[in-house]
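Data block below; observations after.
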Amino acid sequence: SGESGAGKTESTKLLLQHIMNLCKGNSQLEQQILQVNPLLEAFGNAQTVMNDNSSRFGKYIQLRFQKNTVRGAKLSEYLLEKSRVVQQDTGERNFHIFYYMFAGLSLEEKEMYGLLDPSLYRYISGRFGTQDVAQRWKHKYQEVCNALDMVGFQEQEQVDMQAILAGVLSLGNVTFEPEESNGSVKVSEASRGWLKAAAVDVSRQLVCCVPCSPWSPSVSCCCSLCADARDSIAKVAYGRVFGWIVCKINELLAENVDSEVELSEIGILDIFGFENFAVNRFEQLCINLANEQLQHFFNHHIFQLEQAAYKEEELPWETITFNNNQSILNLLLAKPLGLLSLLDEQSAFPQATDKTFVDKLNSSFKGNLHFQPGRSRVLGFSIIHYAGKVQYTAGGFLEKNRDTLPANVLGLFINSITPLLSVLFTGKSLCYGRPSYMNQGPPRQELSHSLMVLMERMYSANPHFVRCIKPNNQKEPGVVDSQMVLLQLRYNGLLETIRIRRDGFSWRPSFEEFAER
């Protein structure tokens, strides 16, 4: 764990290499486990203000062993930041894979996928790198292609997948305008070429799926709803592609042993770090909630269990106090009046808005030490997290929490002439049982369920904590900002951890070992 950009993903890669080395790992399986990283990073990582290669999803890697030999592995992914596909803030980029494609595809391939100059696409905000950067992206694209081959993706699957990604970019350029004859909405004349390039007949569906309601009587509002539906399609399509890649990786790495054989396991959790940007949205709240839960787990393990053991052994011990974040978790997760429960409640009302949601928070949490009403003209609120105060912009909270795909658009995908697109939305796949990429409910419920399963795994295991400390905010090597480091040591509870380790009992032999000695 650690802040965004502290080195969690790099540490995970080093840890994997070290474990494989300890296994004298030269088998094909061990090499494959190491080589899935370029694939996951290309589709799941992006440049943010805090980190040029930021993981925009969480991953839990389970390595399964039999007599010190790796027999299989499984990857679980958590809460991919799909909203990044359609919107990025200043100084940020979309997922790496889009840039790699532009740099690595030949002219003929670009023509086949209908890709034009990258500066024309709204979803990548017209931002493209220098010649040096483009060269690096070209090299990365080759790495991705090699990884796809190695994982066992068929050539046609790779073509389909890139066609979907190109289609997502083209879809982002589709705009809407009023139909003068009857006051409804249609795809604008100027963007019909983009719709054709997207290679999906969605114009009628985009307009059909958002009929004007009493809550959205104006044509301009209908245009906006059509744009929201367009963005929903892009997000869902990308999310399904990502889930499918993870599913294919798991097929490749599954253990091939008799079900009676008992395997031991090492799990490595590499989850998104705590974030506090200039503008913090729904995604940052989800990410910071996950970090609150991990911090609580750390506290429980290091302070509560440790000190309980000393009391049980009747050792002379002066209790060490620590910064318990349970009250912050209650604010966020309590039912029926926690922040997320109130968000679900508001999301269920068609006439509710982000403003009614914020008003509800202000009245429900009045006087709560961890909550502050917004003080600027921008609609929002602040939460005092274990790692400090974060101001959240409330715009888009309800829409992102609903995150639903209209049924008629779902039918359109199921009947697609692109085989992969049909597979992604019907679940007719080689994956065992129902694929993970089919289980994508609203992000908030998906997050709660994922975190619950994850914490159950954590509490049943024997954990080791790797705390990554970020040395500076400038993304510079060899520079240590002492104040910044000290702040992280404080809010992570590491100063108290050092004290409990120093004053406690570090050598704990069993009675049997002691008697033998």
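The values are calculated or read from the model by the stated rules, or taken from the named source; none is laboratory data. As the structure is a computational prediction, the values presented were derived from the model and not from experiment. Positions of Cβ are generated from backbone atoms using ideal geometry, with glycine treated the same way; all protein chains shown enter the neighbour counts. Quick note on the areas: whole protein, heavy atoms, side chains included, nothing else; ligands and nucleic acids left out. Shrake-Rupley method; radii C 1.70, N 1.55, O 1.52, S 1.80 Å.
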Expressed as a whole number of Å, what is the distance separating the alpha-carbon centroids of segment 88-158 and segment 344-386? 39
List, in the order given, every pair from Lys8/Lys74; Lys138/Lys248; Lys140/Lys196 whose Cα-Cα distance in the structure shown is over 26 Å. Lys140/Lys196
Theoretical ellipticity at 222 nm over the chain - DSSP helices of four or more residues, -39500 (n - 2.57) apiece, nearest 500: -15000 deg cm²/dmol
Average Cα contact separation per residue, segment 36-81, under 8 Å, 6 or more apart, as relative contact order %: 29
In debye to the nearest 20, how big a dipole does the chain give about its Cα centre with +1 on each Lys and Arg Cβ and -1 on each Asp and Glu Cβ? 840
With a 1.4 Å probe and every protein chain left in place, work out the accessible area per residue of the chain in Å², rounded to a whole number. 50
Given N residues in segment 38-164, what is its alpha carbon radius of gyration divided by 2.2 N^0.38 Å? 1.18
Loop only by DSSP, 16 or fewer other Cβ within 10 Å of the Cβ. Give me the trypsin sites (Lys or Arg not before Pro) in segment 52-121 that pass, ordered by residue number. Lys67
Here the longest stretch of the chain that holds no GluC sites (Glu not before Pro) in a DSSP loop having at most 11 other beta carbon atoms within 10 Å is 319-517
What are the aspartates and glutamates whose alpha-carbon lies under 14 Å from the alpha-carbon of Lys360, with same-chain residues fewer than 8 places away excluded? Asp344, Glu345
Could you work out the relative contact order of segment 1-109, using alpha carbon pairs under 8 angstrom and six or more residues apart, expressed as a whole percent? 24
Can you spot the lysines whose alpha carbon is less than 16 Å from Lys235's alpha carbon? Ignore those fewer than 8 places along the same chain. Lys82, Lys400
Run through all the Cα pairs of the chain and give the fraction in each 20 Å bin from 0, expressed as whole percent. 19, 53, 25, 3, 0
So what is the relative contact order of the chain, in percent, for Cα pairs below 8 Å that sit 6 or more residues apart? 18
Do me a favour and compute the ellipsoid semi-axes for segment 300-408 from its Cα gyration tensor, root of five times each eigenvalue, largest one first, whole Å. 38, 17, 11
Pop out the carbon and sulfur fraction of the accessible area of the chain as a percent, whole number, probe 1.4 Å. 53
